[in-house]
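To keep things clear, I will list the structure first and then write my remarks on it.
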Amino acid sequence: VQLQASGGGLVQAGGSLSVSCAASGISFGNYRMGWDRQAPGKERELVAYITSLRSTNYADSVKGRFTISRDNAKNTVYLQMNSLKPEDTAVYYCSAALWSPDPIYWGQGTLVTVSS
């Protein structure tokens, strides 16, 4: 199983960035896919997830600014991030969960840096 995240980078506050995560080795359409992030010195936190039925859930801190989506034909989950703030700076990790609340697979992370 591999979750390959990409698309991170440096962006100015107020800007936009999209990250993606390509999955292999799993029946992608059956999994709940998510994005977590971990900022320096802080614990990892859930950003958003999308279920196999395409229901979505967002952390309060990103509601209205971030959008999670999935393309089952490409085995890929996306996170569109708009109106970025310096506090969004973190390593973003994609994850896959099946039946349990906790993910069972994690990607390697991609760094998003938002400058003020």
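Restricting the stretch 62-75 to residues that are among the polar types (S, T, N, Q) and in contact with a helix residue (DSSP H, G or I) (Cβ under 8 Å, 6 or more places away or on another chain), which is surrounded by the most Cβ atoms within 10 Å (Cβ to Cβ)?
Asn75
Output yes when any residue across the stretch 44-66 is of a type in the set (Lys, Arg), farther than 20 Å from Val1 by Cβ and free of Cβ contacts under 8 Å to residues at least 12 places away in the same chain, and no when none is.
yes
Can you pull out every residue in the stretch 1-30 that is assigned to a loop (DSSP other than H, G, I, E, B), over 17 Å from Leu84 (Cβ atoms) and among the polar types (S, T, N, Q)?
Within the stretch 1-30, Ser27 is the sole residue that qualifies.
Looking only at the stretch 38-55, which residues are surrounded by fewer than 14 Cβ atoms within 10 Å (Cβ to Cβ) and of a type in the set (S, T, N, Q)?
The one that is surrounded by fewer than 14 Cβ atoms within 10 Å (Cβ to Cβ) and of a type in the set (S, T, N, Q): Ser55.
Of the residues Ser100, Ser95, which is of a type in the set (Gly, Ala, Ser), over 23 Å from Ser116 (Cβ atoms) and at pLDDT below 95?
Ser100
Can you tell me which residue within the stretch 51-73, out of those that are under 16 Å from Ser20 (Cβ atoms) and assigned to a loop (DSSP other than H, G, I, E, B), is nearest to the chain's Cα centre (by Cα)?
My answer is Asn72.
May I ask you to verify whether Thr76 is among the β-branched types (Val, Ile, Thr) and under 14 Å from the mean Cα position of the chain (by Cα)?
Yes; evaluated as a whole, the condition is true for this residue.
The values are calculated or read from the model by the stated rules, or taken from the named source; none is laboratory data. Please read these numbers as outputs of a predicted model, since none were measured by experiment. In this analysis, Cβ positions are derived from the backbone assuming ideal geometry, glycine residues included, and neighbour counts consider all displayed protein chains.
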